[in-house]
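Down below is the structure, laid out as C-alpha cells.
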Amino acid sequence: MNRTARAFWLNSPGLGEIREVDLPECGADEVLVRTLFSGVSRGTETLVFRGGVPESQYAAMRAPFQEGEFPGPVKYGYLNVGVVEEGPTALVGRTVFCLYPHQTRYVVPAAAVTVVPESLPASHAVLAGTVETAVNALWDAAPLVGDRIAVVGGGMVGCSVAALLARFPGVRVQLVDADPARAKVAEALGVGFAAPADALGDCDLVVHASATEQGLTRSLELLTDEGTVLELSWYGDRQVSLPLGEAFHSRRLVIRSSQVGTVSPARRSSRTYADRLALALDLLADPALDALVTGESAFEELPDVLPRLASGEIPALCHRVRYGDPT
C-alpha cells in the first residue's frame, strides 16, 4: 500500500496548502484510516486560519492530532470520518469518527477512533464533534422542563444546541440570529426563530454562540431575573465589553462559560470523553440535524475554500469536505 498521504496545512495566517506527508507503519494497537469526509468547524477553524489564537491560549487550543504550532505552519482540524483499512480485526472495514485534521489517510491509536453506527451515513457523522459540544453545553446548562430558552447565534454550535433543546418537554426554544436565512434552519430543527430585536424575553436560560459582543449583550437583555447566560463563544484575541453596570447585579444575572475541552463537572464522575462522543453519534440519528450541513467541496479545494469561509463569502454552517481519491 502507498505509505504517503495528502494533508491540508496552514502555512501562515490566511495562506494554506496541501502537502504530501509520509505515513508511519501501523502498529499493533493502531489503525490506518482512509478519510471519507471531514468537516470545517467554522468558528474555531476560521479563527485559526486568520491567526486569531492569542499566544496565551496556544497550549489550550491545540487539537488532539495537531502538528506544528500557532499561528503557523500548523495542521489543524478535528472533524474526520473515515474507514479503517488496517488495524485490529474488529475495526477493519468499519466507519469511524476521529478528532483528526484534514488528511487523506492517517495512523492513530485504535482507542482514538469511535465506530459510527451502521445506520448513520458517514457523510452526516462529521457533525459528531459539534453535537458533542452541544451535549456538553446542556450538561453545563441543565435546562428544566418548561424553561423559556433562547439560543443566540445560529451557527454550527448554536443550531446543534437548539436541535437538542427541541427534544426537551414543555420548553420554549427560540433561535436568534441576524441572518433571516437561519429561519429555514430553525424550522427544520423544530424551534422558533427571531431577529435579535424581536426575540422573546423573560428567558430562564440563554445559550450564547454568536461570538459577537452585540450578541452577548442581547443575551443578557433577554434574561428573566436570576437567569443564566451560558457562553459558548470563543473570541480568540478580541476584547469584549459588557454592560455589567445598570441592572446586572440587582437582577442577579449569571454568565457561565462552557467549553468542550473537558467533560462537564455535572457528568465528569460518570461519563468519559468516549461516552460523550458515542452519545453524540447516537443523537445524530435525528434527520433534523441534516439541516446543519449547508456546504460541501472537494479536499483539493481547501486552499481556496477556507479563505472564503473565513471572510464569510461562503456562509456555510457545517462545510463538509469530501475525499474522492483513495491515495
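The values are calculated or read from the model by the stated rules, or taken from the named source; none is laboratory data. Note that the coordinates shown come from a computational prediction; the quantities given were computed from them, not determined experimentally. All Cβ positions, glycine included, derive from the backbone under ideal geometry; neighbour counts span all protein chains shown.
Which of the residues spanning segment 158-198 are more than 24 Å from Gly312 (Cα to Cα) and of a type in the set (A, V, I, L, M)?
Within segment 158-198, Leu164, Leu165, Ala166, Val171, Val173, Val191 meet the criteria.
Say we look at segment 271-289 and pick out the residues that are of a type outside the set (Val, Ile, Thr) and assigned to a loop (DSSP other than H, G, I, E, B); which of these is nearest to Tyr78 (Cα to Cα)?
Leu284
Taking His249 and the conditions (1) surrounded by fewer than 11 Cβ atoms within 10 Å (Cβ to Cβ); (2) modelled with pLDDT under 90; (3) farther than 22 Å from Glu45 by Cβ, which numbered condition does it fall short on, given that it satisfies the others?
Only one criterion in (1) surrounded by fewer than 11 Cβ atoms within 10 Å (Cβ to Cβ); (2) modelled with pLDDT under 90; (3) farther than 22 Å from Glu45 by Cβ is unmet by His249, namely (2).
Mind counting the residues in segment 195-215 that are in contact (Cβ under 8 Å) with a residue 60 or more places away in the chain and part of a helix (DSSP H, G or I)?
Counting residues in segment 195-215 that are in contact (Cβ under 8 Å) with a residue 60 or more places away in the chain and part of a helix (DSSP H, G or I) gives 1.
If I ask for residues that are surrounded by 20 or more Cβ atoms within 10 Å (Cβ to Cβ) and not in a strand (DSSP E or B), which ones from segment 92-121 would you list?
Within segment 92-121, Leu99, Tyr100, Pro101, His102, Thr104, Val116 qualify.
When you look at Gly227, is it touching a residue at least 40 places away in the same chain (Cβ under 8 Å) and not in a loop (DSSP other than H, G, I, E, B), yes or no?
Considered against the rule, which asks whether it is touching a residue at least 40 places away in the same chain (Cβ under 8 Å) and not in a loop (DSSP other than H, G, I, E, B), Gly227 comes out as no.
Of everything in segment 290-327, what is part of a helix (DSSP H, G or I), small (Gly, Ala, Ser) and in contact (Cβ under 8 Å) with a residue 40 or more places away in the chain? Give them in sequence order.
Ala291, Ala310
In segment 314-327, which residue that is charged (D, E, K, R) and at pLDDT 90 or above is surrounded by the fewest Cβ atoms within 10 Å (Cβ to Cβ)?
Only one residue tops the list, namely Arg322.
Which numbered condition trips up Asp304, out of (1) modelled with pLDDT of 95 or more; (2) surrounded by fewer than 15 Cβ atoms within 10 Å (Cβ to Cβ); (3) of a type outside the set (Phe, Trp, Tyr); (4) touching a Lys or Arg at 6+ places or on another chain (Cβ under 9 Å)?
(4)
Kindly indicate which of Val21, Val33, Val84 is surrounded by fewer than 18 Cβ atoms within 10 Å (Cβ to Cβ), among the hydrophobic types (A, V, I, L, M, F, W, C) and not in a loop (DSSP other than H, G, I, E, B).
Of the residues listed, the single one that is surrounded by fewer than 18 Cβ atoms within 10 Å (Cβ to Cβ), among the hydrophobic types (A, V, I, L, M, F, W, C) and not in a loop (DSSP other than H, G, I, E, B) is Val21.
Quick check: is even one residue across segment 57-68 in the same structural domain as Ala298 (by TED's automatic domain parsing), buried (at least 18 other Cβ atoms within 10 Å of the Cβ), within 21 Å of the chain's Cα centre (by Cα) and among the hydroxyl-bearing types (Ser, Thr, Tyr)?
no
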